[in-house]
Amino acid sequence: MSSPDFYRNAHAYDIAFGDRDFSTECDFLAWCMKTHGQCTAQPVFLEVACGPARHAREFARRGWRSVGLDMSTDMLTYATQAAAKEQVMLETVCADMCEFTLAEPVCLAANMMESLTHLVTNDQVVAHLRAIARNVTPGGIYVIEMAHPEGLWRDNLPNKWTACENGAEVDIVFGLQDDPYDWITQQWTVTTQLTIREPGQPVRFVEEHNNHRWYQAQELAALIDLSAAFSQVWWYGDMLVPPPALDNSDAANRMIVVLRN
């Protein structure tokens, strides 16, 4: 699991990783529920490893009951405060995504932004899938967003960008060329750096080294089978409506796994 220290800088993290079209992505998640789901229960959404809970907050805006689950109390506090500012209702659960029990099951759950990479062993992934299945209604849907397998290697490292919001600026480094990779465990010790500039505040620099594991399609498929937790699986190459297939074409930019309970 990743170190919690990095996630104490919740606002900077949100700026750094917030440049996405969350509304369009939630359109896709809702499409998955409509197209592949067989659930007639009340629309309830769970964002797993939610961080700032951008997807959960978007579903709350759409009138869904919405839940964010994360191990970081700092992230959950930030997400709750952001939801209050947006005048939407967000429920939060502080728990390990490998072992949790919700008060009530949900019909749609999602694990976005490659958060599954924080699970670095086969046993963790299988435990996670079974935990999800216990907390999703029969016929409900679970969506996993991962990097396309073609982009997993370090050819494009270091990965650097700058993000800005309301006068604050964050420089991000995610992964360095010399970050160690263990070919036996398939664990990558990824360096993450944030340089945070906020008005009226001294510049802050945060560096963490956390283990991640990116999964190829066939090994993830095998772990899904091993979990025996889901009745059907679909594979897509991006979060569009309708989505492209997961293949080697230019249209496939991500690896999206859709599971029905």
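None of the figures in this text is laboratory data; all of them are computed from the coordinates on show. What you see is a predicted model; the values in this text were computed from it and never measured. Glycine gets a Cβ as well: all are built from the backbone with ideal geometry, and neighbour counts include every protein chain shown.
Every helix of 4 or more DSSP H residues in the chain counts as -39500 (n - 2.57), and over all residues that averages to -8000 deg cm²/dmol at 222 nm. Neighbours of GLU91 by Cβ distance under 13 Å: Lys/Arg scored +1, Asp/Glu scored -1, total -1.
Find how much the distance from GLN38 to ARG134 grows on full extension, using 0.36 nm per residue of separation minus their present alpha carbon separation; answer in nm with one decimal.
Working it through step by step, the gained length comes to 32.9 nm.
Placing a pseudo-label 7 Å from each Cα along the Cα-to-Cβ vector at TRP153 and MET89 gives an inter-label distance of 5.1 nm. The peptide list 151-162, 69-80, put in order of mean Cβ contacts within 10 Å with the highest first, becomes 69-80, 151-162. Our estimate of slack between THR73 and ARG204, defined as 0.36 nm per intervening residue step minus the Cα-Cα distance, is 45.1 nm.
Taking 7 Å steps out from each Cα toward its Cβ at ASN166 and ASP27 produces label points 2.7 nm apart.
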